[in-house]
Ligand SMILES: N[C@@H](CCC(=O)N[C@@H](CS)C(=O)NCC(=O)O)C(=O)O
């Protein structure tokens, strides 16, 4: 029998959350191994964890005898090796391009600038302003992109990888007190997705490492 997949994850990590949603949508049972990003200089920076993920970040997924890093590549791997729902539209290259464009607008253009180690480098009181500025700026473009692609969800009416990436980023926007009323399309899609069971079970408050006061 194949070993149960293991996800190295931090409850509030948006990149871990992406993979948790994808695993839940695909119905893949897995074990969570929490990696505390803030404790004692960050468990992600220890030698043991660096062996798994040389970038010193979560998520890392052990599955099919492999150790995988990079949430977007993990999601694509799951999509290619597991059954429906498919998170990248099958047989529709134009739609697939739109899914990747929205996904990358967030995963390459917004999240990296507000990642923990960047904020730690920025330091002090500037951190909150920095995160707020870059997420709000990224969301201006994203809102416009989504006005051209959205149905119920980011691209039409089927859940795709773009939705998997969107919800955790809206959570980050709320943490940085971005005024979401300026982004009606993003807010509407986010609200629809939060009704979906896979998104609920993958949320930070449902994770074993979520402190009781944040549940
Ligand atoms: N491109 C990577 C980014 C991963 C990433 O930035 N993870 C964050 C949490 S969402 C992290 O572990 N940060 C730790 C740090 O900055 O020290 C992916 O998509 O997996």
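The values are calculated or read from the model by the stated rules, or taken from the named source; none is laboratory data. Remember, predicted model here, so these are calculated numbers, not experimental data. Counting neighbours? That spans all protein chains shown, and the Cβs are built from the backbone with ideal geometry, glycine included.
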Do you know which residues across segment 193-211 are assigned to a helix (DSSP H, G or I) and either more than 23 Å from residue 76 (Cα to Cα) or without any contact (Cβ under 8 Å) to a residue 40 or more places away in the chain (or both)?
-> 200, 205, 206
Among the candidates 166, 119, residue that is within 19 Å of the chain's Cα centre (by Cα), part of a helix (DSSP H, G or I) and within 18 Å of residue 202 (Cα to Cα) = 166
Residues (surrounded by fewer than 18 Cβ atoms within 10 Å (Cβ to Cβ), in contact with a strand residue (DSSP E or B) (Cβ under 8 Å, 6 or more places away or on another chain) and within 19 Å of residue 160 (Cα to Cα)) located in segment 43-96 | 77, 95
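This table checks each residue for (1) without any contact (Cβ under 8 Å) to a residue 12 or more places away in the chain; (2) more than 10 Å from the ligand (Cβ to nearest atom); (3) assigned to a loop (DSSP other than H, G, I, E, B).
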position: 37; (1), (2), (3): no, no, yes
position: 48; (1), (2), (3): yes, yes, no
position: 68; (1), (2), (3): yes, no, no
position: 72; (1), (2), (3): no, no, no
position: 88; (1), (2), (3): no, yes, yes
position: 91; (1), (2), (3): yes, yes, yes
position: 98; (1), (2), (3): no, yes, no
position: 105; (1), (2), (3): no, yes, no
Which condition does residue 33 not pass, out of (1) assigned to a loop (DSSP other than H, G, I, E, B); (2) away from the ligand (no atom under 13 Å from the Cβ), if it passes all the others?
-> (1)
Residue satisfying condition, being within 18 Å of the chain's Cα centre (by Cα), part of a loop (DSSP other than H, G, I, E, B) and either farther than 29 Å from residue 29 by Cα or without any contact (Cβ under 8 Å) to a residue 12 or more places away in the chain (or both), within set 109, 131, 124 = 109
Find the residue count for segment 136-166, including only residues that are surrounded by fewer than 23 Cβ atoms within 10 Å (Cβ to Cβ), touching a helix residue (DSSP H, G or I) at 6+ places or on another chain (Cβ under 8 Å) and either outside the structural domain of residue 110 (by TED's automatic domain parsing) or touching a residue at least 60 places away in the same chain (Cβ under 8 Å) (or both).
-> 2
